[in-house]
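Quick note: the coordinates plus some simple rules give every number you see, no bench work behind them. Every value quoted in this text rests on a predicted model; they were computed, and no experiment measured them. All Cβ positions, even for glycine, are placed from backbone atoms using ideal geometry, and neighbour counts span all protein chains on display.
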Amino acid sequence: MKRTYIIGAVVALAAACTPAEDIRVTTTGPERVKISCSGDVVLSRDNNTYLALTVNWTDNNNVGTYGVAGAPKNSTVNTLQFSANQDFNPYTEYQAATGATSAQFTAGALNTIAIKAGMKGGVKAPLYIRLASTLGSNITPVYSEVISTNVTPYSVDLSVGHVLDKDGNDTGKTLKKTADGIYEGFLGVAGWYNWFLLEGDGTKWGNLGQDGKQFYISSAESQWNMWFPEPAGCYYVTVDTGKGEWTALNIPALKIAGDIAGEMTYNRSTNSWSIATDKTGTVKVTISGSGNRYNTTTGDSSFDSEDIGFGGSASEVTFGKEAGEITVDLGSGSGALNLNLGSMTIGSGSDKPTTPEVPVYLYAVGVNDGWTNADWDFENYLILSNESKKEYTGVCNINSKWGYRFYTEKDNWSGFYGWTEGDWASGKLEADKDSNVPAPEVGLYLMQVSLDALTYSNSTFESVQIAGVGKDDGESWELVDMASTDVAGVYETAIDVAGKTAWGFKIYLDEDWDKSFGCSTDMLVWGEDGIPLGDEYIGTRCQFTVDLCKGTCEIKKL
């Protein structure tokens, strides 16, 4: 590892560095030593949350610079400087935390540094690094010798801002840069959706990080997620980094008038509005509505209403406060007229309004806050077991402080089902009912919900079995006990697989033939047909591991 001594400090890169020479320190004057560092760092937007670089130095917080003595501990200010040029013209810098002796940079953070330091995306080149140390703003800093490592940044598009999810991962969605530091565009989001905005130069914007400061933004490390208000749906978003604020204009409905008239339907997954029509050829329409704007003044609990409308042409739709007539060529027709907010175009399309699909998962939110001592999350779920009746079944390890609710979409805090009557074992639900299902005692429970009948039930079980593997005649079906593990809801057993049944295998509860999971190893579905067993397992001893809480089954040859 290459090291640089400065005022008693050591700087080292954790990036494939190897010593090129012995390190020696002079006994008088500022301690310096020449070093070199080799190693390549290739950055990718897909891995921008991964650790890419670590810089370490020894503690130099008890020393003085020329003309200063007896400085208090931790009075030294250490700043890492980065540049694409060895003479550090220009450079960008990172101020280390007080008393810190190291700094770490993710791929996204290092890419930002590299681009700001003057490096080009997609081009491997040296990134030069040095440490500047000083005891005050009026004191000339003392610099370390320069070290470098080869870095290949990823290219950035300065014309858009990238929408990141609550964990900092790229969602693939963007906002268009309409002016210096201003980004705008339509987003389809869930209720209370949490997000960040990443500029092309790598600057990440989030909430200011102070209570009561909704819609104020900051690029500081102390930032929080930004969050949308509760209504899920269509929003026109404006982020103004110069003013340090953002706004969210919710559009709950749109009306179309002219040759086609009626209410349009919003599809959040495609970020488009549509209306069914049998019209063909050229039509003239106007599209208008009313929007609810949330900003720094209103916060997330109230809004200001304003008229909105679309205009321009079919190939370049515009958005503003008034609607203009748009001429659209529907050709031979497709059954629908679509307004695509991603491309800002309108025309004939296949995105017809349809009956919403029944979600595969139903999230039991609040069942585990007693285990984690954290806020509610979407980590526990039931799996659709009867689509026509909208029935869901699953196993949850319940330890709930305040009771729980059921949500139909992950991370969407709107569209829930709350408690209306009953106890912990069974009862009734109601859509958007602001009350929690009573929590049972701590433990594993089989949970069953019908969104058609609006009912729920919870029951305990004592044992888990597997059946449908082991016999050589391929027809026998006997129950084999599975042992519990240290992980709640996880059971396992080892079996000599001499054959398999024609119906696959199933997982049973309490040796009851009417209580079983089937379907596949990736998704255990209550009451479903048996899980297929591959021929590659026949004649081998296998470990079967079932995770009832996640609804999965793993088969591993021993």
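For residue 524, the residues whose amide H sits under 5 Å from its own are 552, ignoring neighbours fewer than 5 places away on the same chain, with H placed 1.01 Å from N.
Taking the square roots of five times each eigenvalue of the Cα gyration tensor of the stretch 464-557, the equivalent ellipsoid has semi-axes of 19, 15, 12 Å, listed largest first. Extent of the stretch 273-393 along its three principal axes (Cα atoms, max minus min coordinate, largest first): 59, 44, 21 Å. For the stretch 408-445, GluC sites (Glu not before Pro) meeting the loop criterion (DSSP other than H, G, I, E, B) and having at most 12 other Cβ atoms within 10 Å: 441.
Suppose we take every Cα in the stretch 402-449 and form the convex hull; what volume per residue is that in Å³? Intermediate values should be presented prior to the final figure.
Values: hull volume 4.4 nm³, N = 48.
So the per-residue hull volume is 91 Å³.
First check a/c for the stretch 160-250, with a ≥ b ≥ c the square roots of the eigenvalues of its C-alpha gyration tensor; if it is under 1.5, answer rounded, and if not, answer prolate when a/b is larger than b/c or oblate otherwise. Cα axes put the stretch 160-250 in the rounded bin. In the structure shown, the pairs 124/204; 176/204; 173/550; 255/284 are assessed against 18 Å; a Cα-Cα span above that value is assigned to 124/204; 173/550. Estimated purely from DSSP H runs of n ≥ 4, each contributing -39500 (n - 2.57), the mean residue ellipticity at 222 nm for the chain is -500 deg cm²/dmol once divided by its residues. Using a ≥ b ≥ c from the Cα gyration tensor of the stretch 260-304 (square roots of the eigenvalues), is it rounded, prolate or oblate, where a/c under 1.5 gives rounded and otherwise the larger of a/b and b/c decides, a/b for prolate? Taking the square roots of the gyration eigenvalues as a ≥ b ≥ c, the stretch 260-304 is prolate.
What is the chain by shape, rounded, prolate or oblate, if you read a ≥ b ≥ c off the alpha carbon gyration tensor as root eigenvalues and call it rounded for a/c under 1.5, prolate for a/b larger than b/c, and oblate otherwise? Kindly include the intermediate steps, with their values, before the conclusion.
On the way: a/c = 2.10, a/b = 1.27, b/c = 1.65.
It comes out oblate by the Cα gyration axes.
Among the trypsin sites (Lys or Arg not before Pro) in the stretch 109-197, those placed in a DSSP loop whose Cβ has at most 16 other Cβ atoms within 10 Å are 120, 124, 166.
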